[in-house]
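First, the structure itself, so that you have it in front of you.
The values are calculated or read from the model by the stated rules, or taken from the named source; none is laboratory data. Keep in mind it's a predicted model, so treat the numbers as computed, not measured. Reconstructed Cβ throughout: ideal geometry from the backbone, glycine too, with neighbour counts over all protein chains shown. We work out accessible area using only protein heavy atoms, side chains counted, and drop any ligands, DNA or RNA first. Shrake-Rupley method; radii C 1.70, N 1.55, O 1.52, S 1.80 Å.
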Amino acid sequence: MTQTNYTEGKMRIDKASVNIWNLKDFLDRKVDEYNQPSFILNDPVSIPHQFSKLQDIEISAFFAALFAWGNRVTIIQKAKELMQLMDNSPYEFCLNHNPRDLKRMMSFKHRTFNTTDLLYFIQFLQYHYRNHQSLESAFLGGDKEPDQILPSYSCIENALNYFHHYFFSLEDAPARTQKHIASPQKKSTCKRLNMFLRWMVRRDKAGVDFGIWTRIRPSQLICPIDVHVARVAKKFELINRDQIDWLAALELTSHLRLMDGDDPVKYDFALFGLGVIEHF
């Protein structure tokens, strides 16, 4: 490399570093603004915050996250409706329901999520919780050693693919229901599952996220990405990829790790707030 090319290359690297650190300062302030207890009320994360038992938190969060497309008011209403149909005891309901209890579910629908989907979800959750204490093991291939954790952030991809395979491993799993559980294998951003993992894994003093799972580290999480987050991320050049897919989620997260390697997904608060609330 000539001296001129070396100097130009170094200048580009230095400029990129300056831009990242300036952006980090701005996004850190936005994280502080939105990662607050007041954020909970109008967000689907409010649903699991109604519960204290680990399994109730997991199940209610799982449904709230899977319903999270479209209007947030509707998402919260439908998640509350489902919890009420489960007598506000989702773990007890999934584990010990009887055929008469399931009849209550026959009228439930949220967008393309219908009774067929719901009944299979309940069937899977009953199967899983009869064999495991936590839904965390559904992403990690069983309970094994209690202190076993994912070895690297790249394994989140394997965890999500494993969960999809495991979720639909029961006999007569409906083909139509597969569209509700995304996987990197299908090139999806897995926005809703990544949001669910954020809720379960992240923990800080703000108390929005629960941090009740310990075998996945916050540093390993992948940032949830939808059209709003993608729009803001592209404006900040955190995403250069045209297609919003799993690779775009990885690209975004890799840039966020430059700002905070231990907790990159905290910036979801900033990007979401800018995109949805501030219409940035």
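Counting pairs of alpha carbon atoms under 8 Å apart in space and at least six apart in sequence, what relative contact order in percent does the chain give?
Numbers: 326 pairs, mean separation 54.6, N = 280.
Relative contact order for the chain comes out at 20 percent.
Here is a follow-up. Cross-link partners among aspartates and glutamates for LYS53, C-alpha distance below 16 Å, same-chain residues fewer than 8 apart left out?
ASP87, GLU92, GLU136, ASP209
Now a separate question. Near PRO218, within a Cβ-to-Cβ distance under 15 Å, what is the net charge of the other residues, with Lys and Arg +1 and Asp and Glu -1? Write out the running numbers ahead of the final one.
Values: positive: ARG198, ARG202, ARG203, LYS205, ARG215, ARG217, ARG257, LYS266; negative: GLU136, ASP204, ASP209, ASP260, ASP262, ASP263, ASP268.
Neighbour charge sum, excluding PRO218 itself: +1.
Counting only the heavy atoms of the protein chains, how much of VAL276 is accessible to a 1.4 Å probe, in Å² to the nearest 10?
40
Right, another one. Structure shown: which of LYS80/LYS187; LYS30/LYS187; LYS24/LYS205; LYS30/LYS234; LYS109/LYS179 lie over 22 Å apart, alpha-carbon to alpha-carbon?
Values: LYS80/LYS187 31 Å; LYS30/LYS187 30 Å; LYS24/LYS205 20 Å; LYS30/LYS234 17 Å; LYS109/LYS179 15 Å.
Violating the 22 Å limit, Cα to Cα: LYS80/LYS187; LYS30/LYS187.
Considering the chain as a Gaussian network with a 10 Å cut-off on Cα pairs, which listed residue, LYS103, LYS234, LYS80, attains the greatest mean-square fluctuation?
Judging by the Gaussian network model, the answer is LYS103.
Compare ARG202, ARG72 by solvent-accessible area with a 1.4 Å probe and give them largest first, with all protein chains kept in place. Don't jump to the answer; show the numbers that get you there.
Details: ARG202 5, ARG72 60 Å².
Largest accessible area first, the list is ARG72, ARG202.
Identify the GluC sites (Glu not before Pro) of the range 212-280 meeting these criteria: DSSP loop state and at most 13 other C-beta atoms within 10 Å of the C-beta. Mind showing how you got there, number by number?
Working: sites: GLU237, GLU251, GLU278; in loops: GLU237, GLU278.
Loop-located and lightly packed - GLU237, GLU278.
In what sequence, largest accessible area first, do SER60, SER169 appear using a 1.4 Å probe? Intermediate results must be reported in sequence, preceding the final value.
On the way: SER60 0, SER169 65 Å².
Largest accessible area first, the list is SER169, SER60.
Right, another one. Which of these, SER188, SER134, SER107, has the largest mean-square fluctuation under a Gaussian network model of the chain (Cα springs below 10 Å)?
SER107
On average, how much area does the Cα convex hull of the chain cover when viewed from any direction, in nm²? Before the final figure, lay out each step's value.
Working: hull surface 65.3 nm².
Taking the Cα atoms of the chain, their convex hull projects to 16.3 nm² on average.
Roughly how many Å² of ILE212 are accessible to a 1.4 Å probe, to the nearest 10?
Approximately 50 Å² of ILE212 is accessible to the 1.4 Å probe.
7 Å from Cα along Cα→Cβ at both ASN158 and THR116: what's the point-to-point distance in nm?
Label-label distance for ASN158 and THR116, simple model: 3.4 nm.
Ok, one more. How large is the dipole of the range 55-100 about the Cα centre if only Lys and Arg carry +1 and Asp and Glu carry -1, each at its Cβ, rounded to the nearest 20 debye? Please list the in-between numbers first.
On the way: 4 positive and 5 negative charges, 47 e Å.
Using Cβ point charges on Lys, Arg, Asp and Glu, the range 55-100 gives about 220 debye.
Turning to a different aspect of this structure: Please calculate the 1.4 Å probe accessible area of THR112, with all protein chains present, and give it to the nearest 10 Å².
70
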